[in-house]
Amino acid sequence: MAVFEGLYFNGKTSAGLPVSVELLPTEFRLTTRTDADFLRIWDTNLIGRNDFNDAELVELQYAASPPEYLEVKDPAFFGALKMHYPKAAFAGSRYGSLISGNPLPLLSVLAVFVLLVAGAYFWLIPKTAEVIAENLPVSAEAKLGQALIDGMLEAEEKDSVKTMYAQRFFNLLHASPQSGKVSVTVVKHRQANAFAVPGGHIVVYEPIIHLTDSYEEFAGLIAHENAHLQHRHSLKALFRNLSSYFLVSLLFGDLNGIMVVVAENANSLKSLEYNRELEKEADMTGLALLEQKHIDPNGMVGLFSALKDEKENIDLPEFLSTHPVLDSRINYLKAKIASRKFRVQQNDSLQYYWQKLKEKSIE
Amino acid sequence: MEEIYQASSAAEVPQTFAFKGKGSELFGIQLPNWVLTVVTLGIYYPWAKAEKLKYLYQKTEFAGSRFKFHGTGKEMFRGFIKAVFLIGLIIGVTIALFVKLPEESKFMGTLFLYLSIGLVIPMAIFGQMRYRTSRSSWRGIHFKYTGDLKTMYTIFLKGILLTLVTLGLYLPWFMVDIRKEIMGNIRFGNIRFSFDGEGGELFGIHFKGRMLTMLTLGIYFFWYQSELHQFYVNNILLEQDGKYSRLEANVTGKGYLKLLVGNVLIIVFTLGLGTPLATIRSMKYVINNSELFCNLDLENLEQAEPDTIGAAMEDVSDILNLDLV
């Protein structure tokens with residue numbers, strides 16, 4: 001069998017001993033010209049795996065105590081190892097087909113990777129976030145929500161009179177004993193907005209009340225936000241943002257931004273854009289509530305039309321005003337309303353509270 | 001630190017470093033590892049990291065021989081679990097403090113976060129140095145880290161206090177103290193490393209670098225980075241039997257500009273998939289531009305007794321993004 005020249009290191013000093021390496025079926029035979037007594041037999045089973053050797057230099061590690069090393073710079077050695085020991089871990093590379101220069105295996109692994117990442121991003125992460133959000137104990141959600149809302153309202157000016165009326169409006173609209181306690185807060189603000197915070201909080205920015213032309217429209221708004229709470233949508237969106245970030249940072253090996261995202265999310269909840277499915281779910285659940293309370297369901301349609309028309313005159317958060325799906329939401333709501341028989345009954349109490357809400361604030 | 005004795009065996013000869021890695025190879029190695037990392041929801045990460053390190057070490061040549069990384073995914077996995085647990089605990093307690101505490105004492109949460117990070121960083125540096133050095137070898141001789149945790153904590157305590165008191169001005173001296181502690185405790189056979197830079201010089205580099213970067217609308221940044229690089233590398237000395245050798249980095253601002261702009265373009269236009277290519281470019285640039293003005297007897301390095309050191313803090317340092325080695 002073939003013989004090659006190399007350097008032998010005994011693991012005790014860095015002095016390289018020039019040796020001849022004879023490749024035998026189950027062993028390497030290492031001898032040297034300078035010392036006739038020197039003979040090392042390397043059992044091929046004890047030679048460590050090929051850690052990315054190349055033809056220019058092959059370095060092998062032998063599991064003795066201390067470990068010994070062999071360096072061979074003969075370009076033919078790399079090929080000879082593969083030829084004589086085709087199955088050995090020290091000869092081949094587990095990445096062989098991927099670094100051979102043939103693009104096909106590489107491209108197929110790349111395709112698998114891209115599919116996996118896409119699958120994780122578009123399916124697995126939303127799904128997992130949903131499961132976590134759905135199974136989070138109510139007490140934990142309440143605590144998280146309380147911390148979030150405290151932080152959010154800290155800098156805001158609460159309108160306590162309107163908050164009282166809005167809370168009564170809500171209680172009348174949603175007088176069902178099994179639903180948890182929901183607190184509605186009206187805040188003085190430049191922007192027209194309303195959002196749901198985990199743990200049963202609805203925040204209404206005052207200008208959006210003036211956008212509504214009837215109590216039915218305001219009922220539509222409140223029913224929609226309440227549906228977000230019922231379905232724990234904001235919790236889901238929060239977890240989804242977090243876990244998407246987790247995936248991205250995992251791929252690029254940067255895990256230290258997680259805290260930043262936690263902090264950012266607490267504040268960005270008010271401009272959180274739920275995806276279309278979640279919005280539709282909230283619209284439909286809200287509509288069902290209106291139906292149950294015999295409130296004209298066209299109120300919800302009117303609300304979206306008002307949001308669409310008013311964007312020039314009033315300061316709306318971007319996600320509300322540029323919402324590309326407002327038209328489609330109006331359409332599916334109209335279709336749903338047309339498909340069912342709604343029994344509508346004037347509700348004087350709601351009318352009263354809505355009028356109170358529309359009045360100019362008493363400072 | 002010029003050599004005054006006549007070297008017995010070898011005169012001072014520059015020994016060059018060479019990096020032999022290829023972007024296509026590293027890509028082929030990292031890609032299946034990424035797949036496994038995603039499939040296992042991140043658990044495979046330590047194994048993926050071990051493979052990358054093995055490749056990068058194996059392709060780094062000094063005086064005709066390659067370096068070798070002996071760490072394994074299994075070792076680093078243990079460290080990874082501890083790291084995830086530790087960081088998770090810190091984040092968990094911080095969040096709990098924020099939720100539980102009344103409004104007026106919320107600062108306790110922030111205080112806890114900073115304090116625990118401050119306690120973890122010296123431990124992470126120490127753990128990573130010990131692990132990485134013990135798992136790195138060249139011609140069969142392993143590196144060794146002889147520092148102790150207490151000294152590291154002392155340096156951090158002093159450094160953080162003085163940095164706070166001086167409103168940040170002391171930071172360069174603090175960084176140099178850490179560097180001196182780390183380098184001064186690296187052993188390779190009977191070779192001892194040390195770091196000879198001074199805080200004042202580092203302060204000057206930062207001051208000039210930031211001023212000129214602002215004045216040139218960012219262009220000077222690359223020259224600033226190359227000066228920093230030279231400061232950290234050219235001040236490393238190697239001593240063997242009273243004879244000193246010196247590392248030298250031949251990086252330039254122009255070189256840094258080409259490297260960094262190229263890397264950003266590669267990463268952005270491949271949506272991150274080209275990261276291995278950027279890694280190889282950086283390694284090539286840094287390694288190929290390093291030289292050792294050598295007075296060392298590389299033939300007679302002796303192995304210190306092997307020790308068993310776990311990878312406990314390896315990944316804490318990774319999560320905290322402390323790129324040290």
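The values are calculated or read from the model by the stated rules, or taken from the named source; none is laboratory data. Keep in mind it's a predicted model, so treat the numbers as computed, not measured. Neighbour counts run over all protein chains shown; Cβ positions are idealised from the backbone, glycine included. SASA here: full protein model, heavy atoms, side chains in, ligands and nucleic acids out. Shrake-Rupley method; radii C 1.70, N 1.55, O 1.52, S 1.80 Å.
When only Cα pairs below 8 angstrom with a gap of at least 6 residues are kept, the stretch A:3-94 shows a relative contact order of 27 percent. Ellipticity at 222 nm from helices only: DSSP H runs of n ≥ 4 in chain B, each -39500 (n - 2.57), divided by the residue count, give -19000 deg cm²/dmol. What the Cβ-Cβ distance of A:Ala63 and A:Ser108 gives, at R0 = 45 Å and to the nearest 0.05, is a FRET efficiency of 0.80.
Go ahead and set up a Gaussian network model of chain B, Cα springs under 10 Å, then flag whichever of B:Leu86, B:Leu97, B:Leu228 fluctuates most. Sorting by GNM fluctuation, first place goes to B:Leu97. Interface A-B: total buried accessible area of about 4100 Å², 1.4 Å probe, protein heavy atoms only.
Once the Cα atoms are used to define both axes, helix B:149-165 deviates from the longest principal axis of chain B by about 70 degrees. Accessible surface of the stretch B:72-133, 1.4 Å probe: 78 percent of it comes from carbon and sulfur atoms.
Relative intensity of the stretch B:72-133 on a log10 scale, I(q)/I(0) at q = 0.12, 0.13, 0.18, 0.20 Å⁻¹, equals -0.40, -0.45, -0.71, -0.80, per a Debye sum over C-alpha point scatterers of equal strength in the absence of solvent. Protein heavy-atom accessible surface, 1.4 Å probe, per residue over chain B: 48 Å². Using C-alpha pairs below 8 Å separated by at least 6 residues, the relative contact order for chain B is 26 percent. Applying the criteria of a DSSP loop state and at most 16 other Cβ atoms within 10 Å to the GluC sites (Glu not before Pro) of the stretch A:1-31 yields no site. Under a Gaussian network description of chain B, with springs only between Cα atoms under 10 Å, the residue in B:Ser194, B:Ser116, B:Ser137 that fluctuates furthest is B:Ser116. A straight Cα-to-Cα reach below 17 Å connects A:Lys158 with the lysines A:Lys188, A:Lys270, A:Lys356, A:Lys358, A:Lys360, residues fewer than 8 places away in its own chain not being considered. For the stretch A:3-94, the average shadow cast by the Cα convex hull is 5.6 nm², which is a quarter of the hull's surface. Mind giving me the FRET efficiency for A:Lys82 and B:Leu89? R0 is 56 Å, r the Cβ-Cβ distance, nearest 0.05 is fine. The computed FRET efficiency comes out at 0.70.
If R₀ is 25 angstrom, what is the calculated FRET efficiency for the pair A:Phe38 and A:Lys73, using the beta carbon separation as r and rounding to 0.05?
Computed FRET efficiency for A:Phe38 and A:Lys73: 0.80.
Label-to-label distance, B:Leu36 versus A:Lys334, with points set 7 angstrom from Cα along the beta-carbon direction: 5.8 nm. Loop-located GluC sites (Glu not before Pro) in the stretch A:128-215 (DSSP state other than H, G, I, E, B) with a sparse environment of at most 16 neighbouring Cβ atoms within 10 Å: A:Glu154, A:Glu156.
The fraction of all Cα pairs in chain B landing in successive 10 Å bins from 0 to the largest distance is 5, 20, 31, 29, 11, 2, 0, 0, given as whole percents. The residues of the stretch A:10-39 listed by number as losing at least 50 Å² of accessible area in the complex, against the isolated chain and with a 1.4 Å probe, are A:Ser14.
Alpha-carbon geometry of the protein assembly as shown: the Rg and the Dmax are 33.0, 111 Å, given in that order.
For peptide A:65-74, the mean count of partner chain Cβ atoms within 10 Å of a residue's Cβ comes to 3. Burial annotation for the stretch B:61-79: residues with an accessible-area loss of at least 50 Å² between the isolated chain and the complete set of protein chains, computed on heavy atoms with a 1.4 Å probe, are B:Arg66, B:Lys68. Could you let me know the centre-to-centre spacing of the stretch A:200-226 and the stretch B:42-79, using Cα atoms, in angstrom? Value for the Cα centre distance between the two parts: 59 Å.
Within the same chain, lysines fewer than 8 places from B:Lys100 are excluded, and of the rest, those with a Cα less than 20 Å from its Cα are A:Lys143.
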